[in-house]
Amino acid sequence: MEIDRAIRESDDRRLKTKYNNAIYVIQRALALYPIEEVAFSFNGGKDSTVLLHLLRAGYFLHKEEQSRSNGDLMDREFTCPIRTIYFESSSAFPEINSFTYETASTYGLQLDIIRLDFKAGLEALLNSKPIRAIFLGVRIGDPTAVGQEQFSPSSPGWPPFMRVNPILDWSYRDVWAFLLTCKVQYCSLYDQGYTSIGSIYDTVPNALLCIGNSSSSKEEFRPAFLLSDGRLERAGRVKKFSPPVCGHFPAVSNGPNSVDSHHSGTLTASVIAVGDEILFGNVEDQLGPLICRKLHSIGWTVSQTAVIQNDIDSVADEVERLRSTTDMVYIYGGVGPLHSDVSLAGVAKAFGVRLAPDEEFEEHIRHLIGDHCTGHRNEMAQLPEGITELLHHEKLPVPLIKCQNVIILSATNVTELDKQWDCLIELTKSTGLLILTEPFVSKRLTTNLSDVETAQPLSKLCLEFPDLYIGCYRKSRLGPLIISFEGKDQARIESAAESLCKKFHPGAFSEIN
């Protein structure tokens, strides 16, 4: 069998070990379940392509062992009869669909095409077929891999089946070592700089593979197998405006979120400060307001801010709540070697994963602190397992930490935050980490009119201009009333301010520069 032969002839000892372990899992599953009770979920991506050929090899070796007394099986006589599931989606890349159908034809796969969502599709399939186990191309760094083992029952609330994960412990490097060693076909998108393929709405070529070419207006990319750091394979997975990036928009009395945010492209963020010292009033929080201003400068709306005590459960509860209702969560404070630094543990608990040592992060810390704090160094290098992405920048001594849609900032003062934010924006421009939209612009008017006099006209103004944030505040009890207008269209802001002034006598309002 050509796959098994290619691995046996390879000098890559690591790949041989990974291959042997995966084959063992496959053969164990085939010994536990009859062939008609197993299936294989194929999506055309690199991981499932690896699994396809591992299953071909595993089934071949399984049948060879069973029929050893009848002589060896011949490659030309061999087909893999394992039922193959393909969830076809209108948002899939055309190249993925083409590769899937070509692969099915090449290897004679029994392809079940499902056009429902994953859960509903599985329920329908398992109701109609006697399937008890499904082979999945899940790897430990995948968001869905949290808590899984090589054999894991399906999650509560899902149709019952055994998840079989032969390549759970494989790395990005292992995947490409296998594909290139075995010389098998893979989707052409990987030769165009794509390193992790989702839908057409959330996937772009990985900017880390971009080739600078001043003579051409079209960007060119190196193939995926040349990505040097496999932990950055998902750097090409970004959010785009269509379809909307988030279905959760908190209701407010005025502003873009009161109209159709799906069309306005509004992105929402939340900010969490971790620190008893803030709650006790021992220090004044300067970073939270600064982060809000910086987010507004790139066109993001801040829907919520929170200050949380130095307690793992409190951090976990708040992160879990906000990460599901906003597009991005920024958390600061509580990062370091002290007993009160619980942010990383709280984030890990919010995602249901454990803290695990990260060798690369520990190396950065070692260069930063040398032999100081030896007893705490390993603890400082523990990061949420399977969901952590390190954001590298040459100006930062230690990478920023991103866990799915949560960014953990280690800044302790305004200067450090300014530096980290600038690096974050530079990384965004090169990798598409965040979406940069039109910044918010503002205008402020002041008046000596009373709240009673201005209340009704302002309420009507909010209805006239639902796309603007119109706020009122006084800096002191006896100070003048300040009316603020926030939005992304300067002309609309000017119109709203002019409309307000016309509701009162001339000179009732003056502009604050």
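The values are calculated or read from the model by the stated rules, or taken from the named source; none is laboratory data. Just so it is clear, the model here is predicted, and its values are computed rather than measured. Note that we place each Cβ from the backbone using ideal geometry, even for glycine, and neighbour counts take in every protein chain shown.
Among the residues of the stretch 127-152, write down those that are over 16 Å from the mean Cα position of the chain (by Cα), modelled with pLDDT under 90 and buried (at least 16 other Cβ atoms within 10 Å of the Cβ). Of everything in the stretch 127-152, just one residue is over 16 Å from the mean Cα position of the chain (by Cα), modelled with pLDDT under 90 and buried (at least 16 other Cβ atoms within 10 Å of the Cβ), namely Gln148.
What residue, among those in the stretch 107-118 that are more than 29 Å from Arg231 (Cβ to Cβ) and outside any loop (DSSP other than H, G, I, E, B), is nearest to the chain's Cα centre (by Cα)? Give the steps one after another, and end with the answer.
Within the stretch 107-118, the first condition is being more than 29 Å from Arg231 (Cβ to Cβ), and the residues that meet it are 107-117.
Next cut, outside any loop (DSSP other than H, G, I, E, B) only: 107, 110-114.
On the way: Tyr107: 33, Gln110: 33, Leu111: 30, Asp112: 29, Ile113: 27, Ile114: 25 Å.
If we take residues in the stretch 107-118 being more than 29 Å from Arg231 (Cβ to Cβ) and outside any loop (DSSP other than H, G, I, E, B), then Ile114 is nearest to the chain's Cα centre (by Cα).
Loosely packed, with under 13 Cβ neighbours inside 10 Å, under 33 Å from the mean Cα position of the chain (by Cα) and at pLDDT 90 or above - does that describe any residue in the stretch 67-83? Within the stretch 67-83 (the criterion being loosely packed, with under 13 Cβ neighbours inside 10 Å, under 33 Å from the mean Cα position of the chain (by Cα) and at pLDDT 90 or above), the answer is no, since none of the residues qualifies.
Select from the stretch 173-197 the residues that are touching a Ser or Thr at 6+ places or on another chain (Cβ under 8 Å) and among the aromatic types (Phe, Trp, Tyr) and write down the one among them that is surrounded by the fewest Cβ atoms within 10 Å (Cβ to Cβ). Within the stretch 173-197, the match that is surrounded by the fewest Cβ atoms within 10 Å (Cβ to Cβ) is Tyr186. On the given criteria, is Ile167 out of contact with any strand residue (DSSP E or B) (no Cβ under 9 Å at 6 or more places or on another chain) and among the hydrophobic types (A, V, I, L, M, F, W, C)? Yes, satisfied. Residues in the stretch 465-492 that are under 35 Å from the mean Cα position of the chain (by Cα) and part of a helix (DSSP H, G or I): Gln490, Arg492. Within the span defined as the stretch 184-202, one or more residues are among the acidic types (Asp, Glu), modelled with pLDDT of 90 or more and outside any loop (DSSP other than H, G, I, E, B). Per the listing Leu287, Leu279, the residue uniquely touching a residue at least 12 places away in the same chain (Cβ under 8 Å) and either closer than 18 Å to Leu409 by Cα or among the charged types (D, E, K, R) (or both) is Leu287. On inspection, Leu383 passes the criterion of being crowded, with 20+ Cβ neighbours inside 10 Å, hydrophobic (A, V, I, L, M, F, W, C) and at pLDDT 85 or above. Of the residues making up the stretch 1-19, those that are of a type outside the set (A, V, I, L, M, F, W, C) and under 24 Å from Tyr107 (Cα atoms) are Glu2, Asp4, Arg5, Arg8, Glu9, Ser10, Lys16, Lys18, Tyr19. Every test in (1) in contact with a strand residue (DSSP E or B) (Cβ under 8 Å, 6 or more places away or on another chain); (2) at pLDDT 85 or above is passed by Leu232 save one, and that test is (2). Give the residues of the stretch 40-60 that are of a type in the set (Phe, Trp, Tyr) and without any contact (Cβ under 8 Å) to a residue 60 or more places away in the chain, sorted by residue number. Within the stretch 40-60, Tyr59, Phe60 meet the criteria.
Only one entry of Ala22, Ala31 meets the criterion of being of a type in the set (Gly, Ala, Ser), assigned to a helix (DSSP H, G or I) and more than 33 Å from the chain's Cα centre (by Cα), and that entry is Ala31.
Residues that are outside any helix (DSSP H, G or I) and surrounded by fewer than 18 Cβ atoms within 10 Å (Cβ to Cβ) within the stretch 406-431 comprise Thr412, Asn413, listed in sequence order.
Taken together, the residues in the stretch 493-513 that are within 18 Å of Asp451 (Cα to Cα), part of a helix (DSSP H, G or I) and of a type outside the set (Gly, Ala, Ser) amount to 3.
Please tell me if Leu409 is of a type outside the set (Asp, Glu) and out of contact with any strand residue (DSSP E or B) (no Cβ under 6 Å at 6 or more places or on another chain). When the stated conditions are applied, Leu409 does not pass them. Being surrounded by 21 or more Cβ atoms within 10 Å (Cβ to Cβ), of a type outside the set (Val, Ile, Thr) and over 17 Å from Pro384 (Cβ atoms) is the filter here; which residues of the stretch 311-330 pass it? Matches in the stretch 311-330: Asp327 only. Checked against (1) surrounded by fewer than 16 Cβ atoms within 10 Å (Cβ to Cβ); (2) within 27 Å of Glu102 (Cα to Cα), Pro160 meets all criteria but (2).
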